Each structure stands twice: as structure tokens, then as C-alpha cells.
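Participant: One structure coming up, written as C-alpha cells, with questions to follow.
The values are calculated or read from the model by the stated rules, or taken from the named source; none is laboratory data. Since we're looking at a predicted model, the values are computed, not measured. Cβ: placed from backbone, ideal geometry, glycine included. Neighbour counts: every protein chain shown. Accessible surface is based on the protein model in full, side chains and every heavy atom, while ligands, DNA and RNA are left aside. Shrake-Rupley method; radii C 1.70, N 1.55, O 1.52, S 1.80 Å.
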There are 4 protein chains.
Amino acid sequence: MPRTTTHSVYVTFGDCDPAGIVFFPNFSRWMDTASLEFFMQCGVPPWRELEKTRGIVGTPLLEIHTKFLKSATYGETLTVTTHVEEWRAKVIVQCHRITRARADGAAPDLICEGRETRAFVKRDEHDRDRLRAIAVPDDIKQLCS
Amino acid sequence: MPRTTTHSVYVTFGDCDPAGIVFFPNFSRWMDTASLEFFMQCGVPPWRELEKTRGIVGTPLLEIHTKFLKSATYGETLTVTTHVEEWRAKVIVQCHRITRARADGAAPDLICEGRETRAFVKRDEHDRDRLRAIAVPDDIKQLCS
Amino acid sequence: MPRTTTHSVYVTFGDCDPAGIVFFPNFSRWMDTASLEFFMQCGVPPWRELEKTRGIVGTPLLEIHTKFLKSATYGETLTVTTHVEEWRAKVIVQCHRITRARADGAAPDLICEGRETRAFVKRDEHDRDRLRAIAVPDDIKQLCS
Amino acid sequence: MPRTTTHSVYVTFGDCDPAGIVFFPNFSRWMDTASLEFFMQCGVPPWRELEKTRGIVGTPLLEIHTKFLKSATYGETLTVTTHVEEWRAKVIVQCHRITRARADGAAPDLICEGRETRAFVKRDEHDRDRLRAIAVPDDIKQLCS
């Protein structure tokens, strides 16, 4: 089974729209946080440090794909469960499932499920403002698998 | 050619993250606004009114799928161009392309492109808190095609 | 000493601006959440319920006044400490202090401090869309003092 | 009369909360944008450039104080009107009034009014991570008065 981490989110009044439910871009916001938490919980040093030691700036997002199954509202606590679903040569696909525990003890409700495609990037040697995708580093793959 | 509308966005400092570029959930936020603008510019009455006259509450989001091609930053003006790509029996797929004009007069840069799958819903007659997907209304399809 | 509650906030990447620090309107967002948490932790029923039983819709904001002393950044955990500083006839003043614990065990750093002036409101009997400020309810004052 | 600029805001669905009105931290967000627009419309070069030529990094916020008079909702266009109310030795006070035009041609409705206290800062010569408040530059005062 792949390495899996969880991140907890408390839904606030201001996260919700006039329909009284979570305004959907907030789910993307929480998945982004869960993505960074995943790397840190797996033992990957923060990007700040990796930039200094190895030039790796971060993992910019190339693509997101999210399905919304149930709505959520303020006062609820949600759990984002994250793992890497695919390790390709130059990109990874992270999968996030956002669930809500049920009072009746049944399996948690799946609120939404999203996949993020991300690349590892370094700064170009000749033009520091340009970022270049690099091969997924083996040691990071090791830590996060 | 399908009916197409545009919506303009001025990127602000607070829309950007520590990398100095637009924090990506904001693109979803702008596509959501462009989606509503599309219907209104096509002549569909606001949901508030449609709920009273026909019980149609809105078009909740079932799925989003976005590809990010270039970054954008504050001080830039972006254009969201929107049309409906697919009219299925009970759902529609809206396509949004976010572009940035170029100073050199070349074709605008494509920043990101997203597809939103949405359903038209009414309140259930017996349980007003439940929403039910309905067939896409013909007259709305007419106005928006 | 007045009744005091605390609310914990984990600062995320997306909460920060291009300067790498918390974009300040997020502090207002967190104080708003802490305000609602305060009432709930003091035992006040949720507004949803109070609206049904007593017509009290909530505590809209009349005024905010915040001083920013230090910056905060992502990865940090902040604490919002909340109490009611003034009980006037028709309004209350809530005080929120946002602090960050120090690794060296010294007193926490004060990041910012804000005061929110709020009124308790009911719907007008004749015009349900209008809200009217009411005298601060004695039992709520009792619970929250 | 002091130099005054205006900035236009279109309120979106996602800017509003479950009460159907603008979630108040968004007003702070719009005032922040109006603050930057003010300097640029007055002819002050962007901070990016000023940092290179004169070391001035920007105008961090020390204090905000906002009064909320009427609510606003999505679909409305608001105007933020901005001027500098006080030029002190090391800080300035910017005043922002957010108004909404009326259909009946009467004076616009005042939605909220806020004051932001800001300092001009440079990086410390010996510790680049530290910012130091400087005297308000005369030429900038000239441009913005």
C-alpha cells in the first residue's frame, strides 16, 4: 500500500457560499495544503531547504481533476487523505479524498475526490527566472511511496 | 459556433502566493464567476427569479478539470472566455479558457483551461432540503447555444 | 476575569502573499471564526437554532479595529484568544489576540490584536428582510461573561 | 482637495457568505487593492522598481479600522474611493470609502469606510530580512497629495 497521510480541516462560516455550503475552490485550497503536508509528513525537507541544497524549488501544479459528490457546511470537520497514485518520469499524480465522519459509525461520507498532477522543478542555470521540470528524484520517491 | 461570452479579471496582490503567482484555486473562483456571467449574458434570468417561477435553484458543480499552462501575476488583466461544450440529457459541460493579451500583438497567452460539469437542479417536492437533477431545460439550451 | 476561549489556526501556503507572509484579511477571517467559536464554547446554541426558538439571527459586525505587530508565515500554528471586553446595551465588543508560541519558552509573540463590535439582531416582524438590533440578551451575557 | 482615486469591484457569488452578503474580510481585500492602485494611479513606480532604485520595499499595514454601514451582495458593482488623510513623519493614513450607486440617482449608498495606517519600509543594511520604517519620502508625498 502506498504511503498515505491525513490532514484535518475545520469548515468555517466564511468558507461557505450563499447556498450555505462550501464554496468549491476551497476544496482545491485544502488539497493544496494536504499536498504539502504529505511531503513534509513523509520526511521530505521543506522546499526552502531543498532549494538551497539541491535547487529544487517545489512541485508546481500542471492539472487538477476533482469530482464533487456531497456538499459540506460550516462547523463540520473534514479529513483529507492523500497518497501518490502514479510516479511517472517527470510528473506525479497525487490523489486526495475528502471525507466526513458519520455519527452513526458507518463508513465516512466521501465529499469529493481530486487528482493533482505535479512536476518537480529547478531554476534554469542561465535564466534564474525560468523553471525546468526535472526527473522525479529517487530519494523523494523512496520516502513517499 | 456556440454562444461564447467573456469575463475580465484584474489580478490583485492578494490573489498571489509566496511564489508571486496566482494561487491556483483563484482560477476556479474566476471560472465560477464566468459560469454565472455566461448564463446572465445569454439572457437566462437570475437563479433567484427562476427559483420562484420554475423551481430551478441553480447549476451545482459535479466535476472540474483544469490544465495550467502558464502562470499569471498581480497587475495583469486576464480574460475568461466561456461556452458550453456539451449538452447532455441532464448535465452540461462548460469550457473556460483564461488568456492574457500580449504586448507584441501576437495571439494571447493561454494561462489555463478548465471544464466544469454542472447539473440543473430543483428542490424535491416532498423534502425541500433535497435537490434533484432535472433534464436540461430546452429554452435555456436555446438561449445558450 | 471574563470568560475566554481559544481557537487554533494552522497557516497554509495559500494564506500568504507574494511577500511570503499572511495576507492580512486572513486575520479578519480567523477572528470571525474565533468569534463564532467563542459563543459556541460558552454554550450559546447555534444561530440556526436561536433563530427558530427566539428569532435571533446572529451578531452582524458593525466595526473592526486591528493592530498588526508581527508577521506570520505558512507552517506556523497561531492561537486566537477571545473574550468580550464590553457589554453595552445593544452592542458587544469582542477582543481577539492572535499569538504564536516561541520555541525558547518565552511569552508567545503577539502577532495582531483586533476588536470587533457586534450587535444582536432579529428579523423585523413586518419586513422579514430587515434586521433590527435588540438589547443584548441577559442569558447570553451570563453565559459569556 | 487631496488626490483621490477610484477602483471598481464586481461582487461575485463566492465573495458572499451563507447570509447571502459579502463576507467582510473581502472588504479589507478590496481596500488593499485600492491602496496599491492609489499609488500607481498617482504615478509612484511599482514597489518592484522602487526596491531596485531606492530600496523601498512597500508599505506594510500597521492598523486597520473599518465601519460597516450597509451590506452588499453578488451581482453588484462597488466603487472604492481612496485618498491619504494624514501624512505623519513615518506613517500615512489612507482612507477608503466603498459605495454603491443607486438606481434612483440619489447619492450613492455608503457600504463601509476604512482607514489603513501604513509605513514605508526599507531593508536593513546589515540584516536583509529585517525591515525598517523610513521617513515618508517627499517626492511620493508630492505625487499623492
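Participant: Taking segment C:103-145 only, how many residues are open to solvent by 70 Å² or more (accessible area, probe 1.4 Å) and under 17 Å from residue C:78 (Cα atoms)?
Facilitator: Count: 4.
Participant: In segment C:31-49, how many residues are part of a helix (DSSP H, G or I), open to solvent by less than 20 Å² (accessible area, probe 1.4 Å) and more than 14 Å from chain D (Cβ to nearest Cβ)?
Facilitator: 2
Participant: Can you name the residue in segment B:77-89 that is in contact (Cβ under 8 Å) with a residue 12 or more places away in the chain and charged (D, E, K, R) and is also farthest from residue D:33 (Cα to Cα) among such residues? Steps first, answer last, please.
Facilitator: Keep residues of segment B:77-89 that are in contact (Cβ under 8 Å) with a residue 12 or more places away in the chain, which gives B:77-85, B:87-89.
Filter once more, so that each one left must be charged (D, E, K, R): B:85, B:88.
Details: B:85: 35, B:88: 41 Å.
Per the criteria, the residue is B:88.
Participant: Let me ask something additional. Would you please list the contacts, defined by Cβ atoms under 7 Å and residues six or more apart or on different chains, that run from a residue in segment D:46-64 that is polar (S, T, N, Q) to a residue that is assigned to a strand (DSSP E or B) and open to solvent by less than 70 Å² (accessible area, probe 1.4 Å)?
Facilitator: Correct list of pairs: D:59/D:118; D:59/D:119.
Participant: Let me ask something additional. Is at least one residue of segment A:66-86 touching a Phe, Trp or Tyr at 6+ places or on another chain (Cβ under 9 Å), within 14 Å of chain B (Cβ to nearest Cβ), open to solvent by less than 20 Å² (accessible area, probe 1.4 Å) and not in a strand (DSSP E or B)?
Facilitator: Scanning segment A:66-86, I find at least one residue that is touching a Phe, Trp or Tyr at 6+ places or on another chain (Cβ under 9 Å), within 14 Å of chain B (Cβ to nearest Cβ), open to solvent by less than 20 Å² (accessible area, probe 1.4 Å) and not in a strand (DSSP E or B), so the answer is yes.
Participant: Still on this structure, please answer the following. Which pairs do you get when a residue that is more than 7 Å from every other protein chain (Cβ to nearest Cβ), found in segment B:17-30, comes within reach of a residue that is assigned to a loop (DSSP other than H, G, I, E, B) and open to solvent by less than 20 Å² (accessible area, probe 1.4 Å), reach meaning Cβ atoms under 8 angstrom, with the pair 6+ apart or on two chains?
Facilitator: Sorted first by the residue in segment B:17-30, then by its partner, the pairs are B:21/B:72; B:22/B:11; B:22/B:72.
Participant: Give segment C:6-30 a look and list any residue that's within 21 Å of the chain's Cα centre (by Cα) and assigned to a helix (DSSP H, G or I), or say none.
Facilitator: Correct list: C:15, C:25, C:26, C:27, C:28, C:29, C:30.
Participant: Sort through B:63, B:49 and tell me the only one that's at pLDDT below 95 and among the acidic types (Asp, Glu).
Facilitator: On the way: B:63 fails: at pLDDT below 95.
Testing whether each residue is at pLDDT below 95 and among the acidic types (Asp, Glu) leaves just B:49.
Participant: Right, next: For residue D:92, all conditions in the list (1) buried (at least 17 other Cβ atoms within 10 Å of the Cβ); (2) part of a strand (DSSP E or B); (3) touching a residue at least 60 places away in the same chain (Cβ under 8 Å) hold save one; what is the number of the exception?
Facilitator: So the condition that residue D:92 fails would be (3).
Participant: Quick one: which residue in D:11, D:57 is within 14 Å of chain C (Cβ to nearest Cβ) and either open to solvent by 10 Å² or more (accessible area, probe 1.4 Å) or modelled with pLDDT of 95 or more (or both)?
Facilitator: On the way: D:11 fails: within 14 Å of chain C (Cβ to nearest Cβ).
Of D:11, D:57, the one residue that is within 14 Å of chain C (Cβ to nearest Cβ) and either open to solvent by 10 Å² or more (accessible area, probe 1.4 Å) or modelled with pLDDT of 95 or more (or both) is D:57.
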